[in-house]
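Quick note: the coordinates plus some simple rules give every number you see, no bench work behind them. A quick note: this is a predicted structure, and the numbers were derived from the prediction, not measured. We place every Cβ from the backbone using ideal geometry, glycine too, and count neighbours over all the protein chains shown.
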Amino acid sequence: MNLQESVVNWDKWRDQFPVTENHIYMNHAGIAPLSLRVRNAMRAFLDDATVDGAVHADDWAAAAEACRQSSAKLIHANVDEIAFMKNTTQGILLAANGIDWREGDNIVTTAVEFPANVYPWWSLKERYGVETRMVAEREGRIPIGELAAAIDSRTRVLTISHVEFASGFRHDIQAIGEICREKGIWFVVDAIQSVGVIDFDVEACCIDILAADGHKWLCAPEGAAIFYCAEKRQDQLINTNLGWAGVVNPRDFLDYDLTPKPDATRFEEGSYNSVGLFGLHAAIDLLLEIGVPRIEKRVIDLTGRLIDGLQSKGYRVSTPTTDSERSGIVIFHSCRHSTTELYQLLQRANVVSAEREGLRLSPHFYNTTDEIEQVLACLP
């Protein structure tokens, strides 16, 4: 996409987010607010289900398939590689439990992952004797060379978050994916901190499995997540959660047949969170309408201004400062004030932030440079 083709009217999109009337909302790395478009889509489903029950269930199924199409477009996947989950963790569990492990195998990851991408892998040690190798962070970064060095002949999986939640560091997932493909190991990505704010191509990045809930940068409701499994990996992943919806004839209720569906929907266990998918679809289509590359540039510009302002006021920014190594997360510390003090100070000024490994601010595309300046002005 040529980012110079047109000037985006950001005020138009800001109007979609009523949260701006009450807060300077900078916690999209936590739980994002919903847009009017998302609220209206979910309300339409609720009204339909309230007035007519399941009379229009075929329309709900069609809406889920439209959401699948949009999800595939968002990450540049094929539609038959997309399934829906209830959250990121469910997708990672499918990956962790579905590989044919042997005692002595190992997994490579980082020592700064969100627990959703730690515990499913750790649980394999007691069951299968599988080791998890955790590469340490160095000055807010995880060097690719150290990830590669941790791989040996018994490594089966390398799993990381595209963007690390506690630093905002953005991995070069294409370079890491190429290493995984060369080594013949699975590449599993927790993309909850990048989908919707960073444009990437799952195939170009050699990703085998990706999971991402909608409630952060997609600005969708909780409980509706995207799961991607590359077509070539679908038959290799043991489906440990096979349910009635994952087989070839799910509506032939008494014709029992364990034959899995021929695509990623084999990993969908049962009935959908329909209201969540209505919201997820509306959220993704809003982002696609703007264009994720434009959103990415906007957020990088906003966080760049925030970092410059924080550093000029004497704060230590732990997020990497180069554009290619960061996304929407900025984490910083004060030598004079505790993180809790800063959090409470911003809270009193109606600025929504988060306490993580320091104070975390995570603006999205509808935030403004004026809001960045207001936040900086609030900080001592």
### Relative packing of peptides 16-23, 222-229 - highest average C-beta neighbours within 10 Å first
222-229, 16-23
### Task
Pop the C-beta distance of Leu376 and Asp323 into the FRET formula with R0 = 30 Å and round what comes out to the nearest 0.05.
0.90
### Query
Which listed residue (Trp244, Ile300, His281) has the Cα farthest towards the positive end of the charge dipole for region 235-302, taking +1 on Lys and Arg C-beta and -1 on Asp and Glu C-beta about the Cα centre?
Ile300
### Message
Could you compute Rg(Cα) / (2.2 N^0.38 Å) for region 1-99, with N its residue count?
### Response
1.41
### Message
So for each of 163-174, 317-328 I average, over its residues, the number of other beta carbons within 10 Å; can you give me the resulting order with the highest mean first?
### Response
163-174, 317-328
#### Entry: Under-5 Å amide H pairs with Ile24, H placed in peptide plane, nonlocal only
Val351, Val352
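Using only alpha carbons, build the gyration tensor for region 323-380 and give me the equivalent ellipsoid semi-axes, biggest first, whole Å.
Gyration-tensor ellipsoid for region 323-380: 18, 15, 10 Å.
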### Overall form of the chain per C-alpha gyration tensor (a/c, 1.5; a/b vs b/c)
oblate
### Query
Which whole-angstrom value gives the distance between the alpha carbon centres of region 17-66 and region 132-183?
35
### Query
Taking K and R as +1 and D and E as -1, what net charge do the other residues with C-beta under 13 Å from the C-beta of Ile160 add up to?
-4
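From the helices alone, meaning DSSP H stretches of at least four residues, give me the mean residue ellipticity at 222 nm for the chain, per-run term -39500 (n - 2.57), in deg cm²/dmol to the nearest 500.
Working: 12 runs with 141 residues, N = 380.
So the calculated ellipticity at 222 nm is -11500 deg cm²/dmol.
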### Query
Taking the alpha-carbon centroid of each part, what is the distance from region 194-209 to region 255-334 in angstrom?
11
### Net length gained if the chain between Arg43 and Asn9 were fully extended (0.36 nm per residue, minus Cα distance)
9.6 nm
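Is region 240-294 rounded, prolate or oblate when judged by the Cα gyration tensor, a ≥ b ≥ c being the square roots of its eigenvalues, rounded requiring a/c under 1.5 and prolate requiring a/b larger than b/c?
prolate
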### Packing-based ranking, highest mean first, of 195-208, 349-362, 38-51 given that Cβ atoms within 10 Å are counted
195-208, 349-362, 38-51
